[in-house]
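These notes are about the structure you will find just below.
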Amino acid sequence: MVEFAFVGPVLMVLLFGVIEFSWVFNQFLDVRHGSREAARLVAVNYQPGTAVGDAQTTSIVTEICGRIDAPEDARVQISLVTAGVNEPGDLAVVRVERDLEQLTGFFAAFLNNLQPNAETTFLLEQDATWNATVGEVACP
């Protein structure tokens, strides 16, 4: 019992640490995947139906959010880097961010200020008919 009293807390910290930091790493991977998926949708001018402009941007953001594991706390930003006429070859950027969700809360002192985010820069492959977002747009 005395030995377990000394070793038990260390083992629990190790066990919870592995679980918590694996969960955090998974969230970072999810955001990164969402950013790459978003870049692909924007690069090919994803256009469900006949939507253009802000309606198309909303459709793109909705589709992006559907490809993220926890869309309820995710935010998306789509912007152009190249000042042009939104034609093939122009640079664009997609940024996806979300709030960090913790399983145990045991390491809150270390993890509270983290926000998983990813930014992907890419070239447009088709003429863009969508509008860039003004700031970050929360997932619907």
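Coordinate-derived values only; no laboratory data. Note that this is a predicted model, so its numbers are computed, not measured. A quick note on method: Cβ atoms are made from the backbone with ideal geometry, for glycine too, and the neighbour counts reach across all protein chains shown.
Quick notes on this one:
- Long-range HN-HN contacts of V137 with modeled amide H, under 5 Å: V76, Q77
- Computing FRET efficiency as 1/(1 + (r/R0)^6) for D69 and N113, where r is the C-beta to C-beta distance and R0 is 22 Å, gives about 0.55.
- Using the Cβ of V81 as centre and a radius below 13 Å, the other residues enclosed give a net charge of -1, where K and R count +1 and D and E count -1.
- In order along the stretch 68-73, the Karplus-derived 3J(HN,Hα) couplings, from 6.51 cos²θ - 1.76 cosθ + 1.60 at θ = phi - 60°, round to 9, 5, 10, x, 5, 10 Hz, and Gly and Pro are given as x.
- The relative contact order of the chain comes to 33 percent, based on Cα pairs under 8 Å that sit 6 or more residues apart.
- Our helix-only sum for the chain, with -39,500 (n - 2.57) per DSSP H run of n ≥ 4 divided by its residues, gives a mean residue ellipticity at 222 nm of -14500 deg cm²/dmol.
- Structure-derived percent of Cα pairs over 28 Å apart: which label, when the choices are [x] 12; [y] 32; [z] 25: [y]
- FRET efficiency, 1/(1 + (r/R0)^6) with R0 35 Å, evaluated for L14 and T62 via beta carbons: 0.30
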